[in-house]
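The values are calculated or read from the model by the stated rules, or taken from the named source; none is laboratory data. Nothing here was measured: the structure is a model prediction, and the numbers come from that model. All Cβ positions, even for glycine, are placed from backbone atoms using ideal geometry, and neighbour counts span all protein chains on display. Areas reflect the complete protein model, heavy atoms only, side chains present, ligands, DNA and RNA absent. Shrake-Rupley method; radii C 1.70, N 1.55, O 1.52, S 1.80 Å.
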Amino acid sequence: DDAQGTMETASFYGDEYEDEEEDKRERRKYLIPILCCAICIIIAAVAVWLLLVTSDNSPSTRTTNVVTTDAPSPRPSLVATALPTLQREPSVQPTATPVVIVPPSPAPTGIPIQVPTTLPTREGQPPNDTCDTAIGPLVPNVAGVVGSIASSSINAEVPVPCGDVEENGAGVWYSVEGTGGEMMAHTCLGTDFDSRITILAGTCSAPTCIEGNDDFCGNGGSAVSWISTVGETYKIFVHGSISDNQDGNFELTIMSKLNDSCSSALGPFPANTGQSFLGSTDSADPDDEVNCGVAGQPFGDSRGVWYVVRGTGGVVTTSVCDDASFQSRVTVLTGDDCDTLECVPTAFNSCVVSWESVPFQDYYVVVHGTNENEFGQFGITFDSSPSPDNDECLDALGPVPLDGRSIVRGSTDDATTDSNADACGVSILGPGVWFYVVGDGSEITTSMCDEEAVFDTRISVYEGACPDDGDNALDDPPSCIGGNDNSCGIQASFTWPSVEGRVYRILVHGRFQETGSFGLKVMSKLNEIPTGLDDFLNGNQ
């Protein structure tokens, strides 16, 4: 029995041992995969941590210092030792202050337009880079708008040619509402590049050309005028040349036809461009307060519009002869203001006038008709050039020899009309130049019959003081001797008895406004050469 108990006990403990071994084997089977997974998770976590740390630092040279002590230490970290800490500058987006239009209330009285204080730069396109984003509508007859075409786009939809504009470069856009009268857009007051202006109507997708200009004002400035329709929107494209790849800054001014009085005169305009722009007297009021011309004859009830042109020190010529749809006339005045205007002596009742200007002095030019029934559209031109040395009576050239063989050549081009001189033999309507001779007591003949003159000439002869000789003219007024037109074809010749030692002034001028070159001969009866000898000396025998 004891042996049997011992065997049963051994069998029990043997079975228990085998069960424990089986359990250990079972636990080892799952422990290894668990450990592997834990190691993988730790490796992945470390990799992610390293990636995040390196992404927050510059990819420059770095060193890793692992600090180890007996005491618990923080987790190892990356310490930058090669470069200082850098801070990224905040990004600045280009901005442009919009133009705020201040409408006139109740009427334009010089109310300024608020304009950007800083201009767009190359960092971004201007806000009015396209037709659809045009700034406006601008208010006419107030302060100009400052702008820039820097970084602007080339607009292929703009039709060319348009007026004087042959090509379109990069530019910016504005708009204005038509007033029903004459309007003008110009950059004459300031630009630092060769600006061009194109006026368009219609839609932005299919614009139509109204007018365009390049260099009206000189020095890069341009000006465009047109007759507007009430309520119609016009787009103003200010641009450069595509061939020159130009850009720059400008000041754009919009003017409306409110110039039917002195106080609302358009300008001042430079007098040295020679280019023409449109105007109209259709809706103007009569200017019966202005009395100029022969014996103070007014242009009375005729409708007139006003301009201001600035003197150059040379001869200024204003003309409306070429493009007027009515019998147009020009009157010129000057003064410190509209209350002190005085007539400038020019040809009366003429569509073109010239006068000797004072540098930087403003002259008021009135375009009007011959009577109340004459009005319409016109083209006006301002031009300036140096006047001839003998343009004035006081500057007469001479004394001209009385030998009848010396030819004195001259020209009335760029001369002024001598309105101060009384009509003498013929009326004085065109520009003229002056000569003088000294009498020898015999008959003197002055002639332009040698066919050198290229225009229809006239001659007027005076004695005494010059018409514009100040106080002396009142004490010793000039006296007309006589004059002639068409003595030999369309050329003039005049003969008069002279007094020995007396000075005679000869005015050479043209029919109406005709000008040109000529040859002048003066012969005294005492120096007359017999016909046969004259022919011999001239090679005719």
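Rolling a 1.4 Å probe across all protein chains gives Leu341 an accessible area of roughly 40 Å². The C-alpha atoms of segment 148-269 occupy a region whose extents along the principal axes are 42, 32, 21 Å, arranged from largest to smallest. Solvent exposure of Asp164, expressed as accessible area, is near 90 Å², computed with a probe of 1.4 Å over the protein chains only. For segment 344-389, with all protein chains in place and a probe radius of 1.4 Å, 48% of the accessible heavy-atom surface sits on carbon or sulfur.
Out of every Cα-Cα pair that segment 394-450 contains, those further apart than 14 angstrom amount to 64 percent. Treating each Cα of segment 187-228 as one equal point scatterer and applying the Debye formula with no solvent, the log10 of I(q)/I(0) at q = 0.14, 0.17, 0.20, 0.22 Å⁻¹ comes out as -0.35, -0.49, -0.62, -0.70.
For the pair Ser243 and Asn272, label points projected 7 Å from Cα toward Cβ lie 2.5 nm apart. With every protein chain in place and a 1.4 angstrom probe, the accessible-area ranking of Glu528, Glu166, Glu514, largest first, reads Glu166, Glu528, Glu514. Here's how it looks for Gly171: its modeled amide H is under 5 Å from those of Ser153, Asn155, which are all 5 or more places away or on a different chain. Stretching the chain fully between Ala201 and Cys37 yields a gain of 51.3 nm (0.36 nm per residue, less the alpha carbon separation). Just round it to a whole percent: the fraction of Cα-Cα distances in segment 124-176 exceeding 19 Å. Counting pairs separated by more than 19 Å, the tail of P(r) holds 34 percent.
Ligands, DNA and RNA left out, the 1.4 Å accessible surface of segment 170-288 is 46% carbon and sulfur atoms. Going by accessible surface with a 1.4 Å probe and the largest first, Cys480, Cys262 read Cys480, Cys262. Considering every alpha-carbon pair of segment 310-364, the percent of pairs per 5 Å bin, from zero through the bin containing the longest distance, is 5, 20, 26, 23, 17, 8, 2. The alpha carbons of segment 346-459 stretch over 53, 33, 25 Å along the principal axes, in descending order.
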